[in-house]
Structure formats: structure tokens, C-alpha cells
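Trainee: If you scroll down you'll find the structure; I have some questions about it.
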Amino acid sequence: MTPRRRDILSAVHEHGYVSTESLAERFDVTAQTIRRDINLLCEKGLLVRYHGGAGINTSVANLTYSTRKDLHREEKRSIAAMVAARLPNHASLFLDIGTTSEEIARALQGHQGLRVITNNLNVAVILSENETFEVTVCGGRVRSRDNGLVGEGALEFLEQFKVDFCVLTLSGIDAEGQLLDYDYSEVKAMRVMMRNARSTYLAADHSKFTRTPLISIAHIGEVDIFFTDRRPSDSLCRILREKGVELVLPGEGKAEDDM
């Protein structure tokens with residue numbers, strides 16, 4: 001491995017994510033040269049390529065909240081719009097922890113009369129701007145890195161509700177259709193939400209297809225509708241068909257009548 005590629009690897013592991021532009025400036029080479037380096041490191045399984053840069057390839061540590069918030073922002077907004085189009089007014093729903101959930105909360109601002117239960121303080125603040133919403137935040141310990149609420153108190157609180165929809169976001173989906181995430185306490189809350197909802201919507205951008213976090217939430221066959229920005233692999237599409245999971249891509253969403 002060349003010294004520059006070793007340094008790229010070190011920089012990504014130090015920061016979690018590094019942009020192509022910053023690496024090109026740092027090493028005084030073209031962005032095209034850096035992309036070739038990143039491609040080679042990704043082929044070796046040492047990094048994961050993202051739009052505009054590269055991140056760590058690990059099953060035990062997620063990217064930082066600030067990095068995830070900026071990554072694939074437009075794709076998340078597109079997915080959020082599709083989810084919002086399928087959620088009727090005057091419905092009850094769970095919204096979980098994550099930057100995609102925050103985009104969904106923003107996309108729901110035009111709705112009326114939603115009752116939302118969440119373990120995400122950021123989501124609660126966004127939704128509270130709509131005076132017709134009833135927003136309930138669970139108890140538990142505040143996770144400072146992303147304002148998520150976790151712990152046994154959160155689980156006990158969530159168990160009290162039976163809602164129309166669980167809108168699930170996550171960190172990874174493997175080739176066999178396992179839904180994956182990094183934090184066991186967060187995963188336990190996701191399982192409670194899925195179990196206590198009449199329908200489960202999964203919202204995940206295409207970068208989640210190449211990430212393999214450590215902890216399994218459930219199988220994608222337990223989801224009713226999967227919203228994403230790019231068509232998954234043929235094998236994953238086959239699993240969706242076999243399990244009867246609806247796949248919704250940009251341009252294919254449609255609004256439903258109010259409940």
C-alpha cells in the first residue's frame with residue numbers, strides 16, 4: 001500500500017468520514033486521483049465509499065451524527081417525501097432515532113392531527129411546530145451524540161402504545177434481508193415499535209445496502225413497505241417479492257386517502 005493510501009485510511013479512521021475534496025487538498029493531488037485511491041481501498045474492504053468521500057467499514061461503530069446528517073441528504077429528503085405521501089392525516093405512529101427520521105418529521109409538517117410517539121428529541125422538536133400534532137416523548141437516558149432516548153425506561157414507555165404505523169430507519173441491510181444497527185439498546189426499542197404497530201414502513205437510502213452493522217433488528221420480510229432511493233440488488237428484490245413487501249422508489253409513491 002502506498003504512503004498516501006495509508007494516510008487516507010488513517011484520516012478516515014480518525015474522523016469516521018473524510019470528503020474527497022479535503023483529501024485532494026491535503027495531499028495536493030486531483031480529486032480523480034483520490035477517487036482512485038478510495039476505490040482501491042473499498043475493493044479491499046478497508047473503507048466504504050459514500051457520495052463525496054469515504055467512511056469506515058466496521059460492524060461495531062457508526063459514523064458520527066454530524067457526518068450522517070450531511071451524507072445523502074437529498075436522497076433522505078426524497079425518501080421522506082415518499083413516506084409522508086403514504087401516511088394519512090389523523091394517524092398514530094412511532095418515529096425512531098436517526099437523521100432519516102428527522103427528514104421524515106420535516107416532510108410531515110403539512111399533515112394534520114398526527115399522534116406521534118418518539119424516542120428522538122430532534123424529531124419531537126421538529127414535529128412540535130405543527131399545532132395540530134400530539135407529540136409524545138418517551139422516558140429514558142438522553143444519548144448526547146444524537147439526542148436519542150434509550151434504556152429500560154424508554155422500552156417500558158413504548159410498550160404502552162399500539163399505533164397505526166411504525167416508521168423504521170436503520171444503519172444497514174444485508175444481502176439476506178436482515179435489518180441491522182449498531183446500538184443494542186436502540187435495536188430493542190425498534191423491535192418494540194415494530195411489534196406494537198399495525199404496519200411497519202422501512203425508510204433507508206442506498207448506502208445502507210453496503211453497510212453491515214453487528215446487531216440484527218428483524219428480517220425485511222416483517223416490513224410492509226420499503227422506501228428507498230435506488231433499486232436494491234436482484235437478490236434483495238427477490239426476497240421482497242417472496243415476502244410480499246412493497247418496494248417504493250422515487251416517482252412511484254402515491255398519497256392515500258385519510259383514515
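The values are calculated or read from the model by the stated rules, or taken from the named source; none is laboratory data. It should be emphasised that the depicted structure is a prediction, and the values quoted were computed from it without experimental measurement. Note that we place each Cβ from the backbone using ideal geometry, even for glycine, and neighbour counts take in every protein chain shown. Ligands, DNA and RNA are excluded from the accessible area calculation, which covers all protein heavy atoms including side chains. Shrake-Rupley method; radii C 1.70, N 1.55, O 1.52, S 1.80 Å.
Trainee: Out of the residues in the range 5-33 that are among the charged types (D, E, K, R) and more than 17 Å from V48 (Cα to Cα), state the one that is surrounded by the fewest Cβ atoms within 10 Å (Cβ to Cβ).
Mentor: By that ranking, first place goes to D28.
Trainee: Which pairs have Cβ atoms under 6 Å, sit 6 or more apart or on different chains, and link a residue in the range 96-107 that is on the phi > 0 side of the Ramachandran plot and surrounded by 24 or more Cβ atoms within 10 Å (Cβ to Cβ) to one that is assigned to a loop (DSSP other than H, G, I, E, B) and not hydrophobic (A, V, I, L, M, F, W, C)?
Mentor: Sorted first by the residue in the range 96-107, then by its partner, the pairs are G98/T169.
Trainee: Would the range 174-189 turn up any residue that is in contact with a Pro (Cβ under 8 Å, 6 or more places away or on another chain), in contact (Cβ under 8 Å) with a residue 24 or more places away in the chain and among the aliphatic types (A, V, I, L, M)?
Mentor: Within the range 174-189, one or more residues are in contact with a Pro (Cβ under 8 Å, 6 or more places away or on another chain), in contact (Cβ under 8 Å) with a residue 24 or more places away in the chain and among the aliphatic types (A, V, I, L, M).
Trainee: Sticking with this structure for a sec: For the range 36-50, indicate whether the set of residues that are closer than 23 Å to N122 by Cβ, at pLDDT 70 or above and touching a Ser or Thr at 6+ places or on another chain (Cβ under 7 Å) is non-empty.
Mentor: Yes; the residues of the range 36-50 include at least one that is closer than 23 Å to N122 by Cβ, at pLDDT 70 or above and touching a Ser or Thr at 6+ places or on another chain (Cβ under 7 Å).
Trainee: For the range 186-227, enumerate the residues that are buried (at least 20 other Cβ atoms within 10 Å of the Cβ) and touching a Gly at 6+ places or on another chain (Cβ under 8 Å).
Mentor: E186, K208, R211, P213, I220, F227
Trainee: Restricting to the range 142-156, name every residue that is touching a Gly at 6+ places or on another chain (Cβ under 7 Å) and under 11 Å from N122 (Cα atoms).
Mentor: Matches in the range 142-156: L149 only.
Trainee: Answer yes or no as to whether D37 is in contact with a Lys or Arg (Cβ under 7 Å, 6 or more places away or on another chain), without any contact (Cβ under 8 Å) to a residue 40 or more places away in the chain, among the acidic types (D, E) and in a helix (DSSP H, G or I).
Mentor: So D37 fits the description; yes.
Trainee: In the range 147-169, what residues are open to solvent by 10 Å² or more (accessible area, probe 1.4 Å) and either of a type in the set (V, I, T) or part of a loop (DSSP other than H, G, I, E, B) (or both)?
Mentor: Matches in the range 147-169: N147, G151, E159, Q160, F161, K162.
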